Amino acid sequence: MSTKAEEFRYAQERSGKKLPKQPRPIRRDTPVDTSKPGVSATDRHPLMVHTPSKHAGRKAAYALEVSAGRPSRLSTRKAANRQKNDSQYRQKAQVAEQARHVAIVMAPNMSLGVNVVLRLLDMAARALAEGYDIEVIEAHHRHKVDAPSGTALAMGEVLARASGRQLDDCAVWGRHGVTGERDPNSIGFSVIRGGDIVGDHTVLFAGTGERIEITHKSASRVTYAQGSLRAARFLAGRRPGLYGMDDVLGL
């Protein structure tokens, strides 16, 4: 499984920021810009940050409609996804920069079970790299406004990296009409919205003669709070740096 350093090196490259070769020394009197995400006036305290994603795509699509008149649904969706991804890369780079001054746990999902599943997916994707098609299916309640979920995207990123690819280059965001044969290097995403589903995520590895499914289902949001508390205990007394839930769980 790739490290957080590798993930955020890629994020900073996408955002256009150049990474310094060596981290700058942290002075006790160095002021911290508290206007940046995740930084409070008590700048030395550890932080936990969820990867932001909510509403970004919807706002981007609305901006396109206003500025370009009446774009097609497909062009709007593609442009919105690009704008949403670029915004996320910039925000991740900002969090990575603040981690030079304070200890941060950053994760798209604080559930302990979800993060164990992410590790299992990394192992499965490496072992099943040839001859298996990968699909990610997620389901949430009817009120959720973004799709796919941040957890589904995190799963896709793990799967893509384990296969030596970038998710932006191989993701298929749903299918409609005459799509042609499936690209064996693609990772498909399917989204379900309905009822009061807290959050279900399944990754399907479909081979010839067999299928492997790795599934996580949330029945209560308490699991997210429990994971956050464990992350907070992990951060107590930690040196500045960017940590993930894999660090919290010792994976």
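The values are calculated or read from the model by the stated rules, or taken from the named source; none is laboratory data. All values reported here derive from a predicted model rather than from experimental measurement. Here the Cβ is made from the backbone with ideal geometry for all residues, glycine too, and neighbour counts use every protein chain on show.
Could you list all residues from region 187-219 that are of a type in the set (S, T, N, Q) and at pLDDT 95 or above? So that I can check it myself, show each step before the final result.
Going residue by residue through region 187-219, those that are of a type in the set (S, T, N, Q) are 190, 202, 208, 215, 218.
Within region 187-219, Ser190, Thr202, Thr208, Thr215 qualify.
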Look at region 176-221 and say how many of its residues are in a loop (DSSP other than H, G, I, E, B) and loosely packed, with under 12 Cβ neighbours inside 10 Å.
-> 16
Within region 113-134, count every residue that is touching a Ser or Thr at 6+ places or on another chain (Cβ under 7 Å) and buried (at least 16 other Cβ atoms within 10 Å of the Cβ).
-> 2
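Against the condition hydrophobic (A, V, I, L, M, F, W, C), touching a residue at least 12 places away in the same chain (Cβ under 8 Å), surrounded by fewer than 18 Cβ atoms within 10 Å (Cβ to Cβ) and within 21 Å of Ser111 (Cα to Cα), how does Val145 come out, does it pass?
Working: hydrophobic (A, V, I, L, M, F, W, C): yes; touching a residue at least 12 places away in the same chain (Cβ under 8 Å): yes; surrounded by fewer than 18 Cβ atoms within 10 Å (Cβ to Cβ): yes; within 21 Å of Ser111 (Cα to Cα): yes.
Yes: the conditions hold for Val145.
Determine, yes or no, whether Ala232 is in the same structural domain as Ala99 (by TED's automatic domain parsing), within 22 Å of Val117 (Cα to Cα) and in contact (Cβ under 8 Å) with a residue 12 or more places away in the chain. Outline the logic, then answer.
Working: in the same structural domain as Ala99 (by TED's automatic domain parsing): yes; within 22 Å of Val117 (Cα to Cα): yes; in contact (Cβ under 8 Å) with a residue 12 or more places away in the chain: yes.
Against the criterion (in the same structural domain as Ala99 (by TED's automatic domain parsing), within 22 Å of Val117 (Cα to Cα) and in contact (Cβ under 8 Å) with a residue 12 or more places away in the chain), Ala232 qualifies.
Do you know which of the residues in region 186-236 that are aromatic (Phe, Trp, Tyr) and over 19 Å from the mean Cα position of the chain (by Cα) is farthest from His140 (Cα to Cα)? I'd like the intermediate steps shown before the answer.
Taking region 186-236 and keeping what is aromatic (Phe, Trp, Tyr), we get 189, 205, 224, 234.
Narrowing further to those that are over 19 Å from the mean Cα position of the chain (by Cα): 205, 234.
Values: Phe205: 21, Phe234: 29 Å.
Going through the qualifying residues, I end up with Phe234.
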Looking at (1) surrounded by fewer than 16 Cβ atoms within 10 Å (Cβ to Cβ); (2) in a strand (DSSP E or B); (3) touching a Pro at 6+ places or on another chain (Cβ under 7 Å), which is the only condition Arg238 fails?
-> (2)
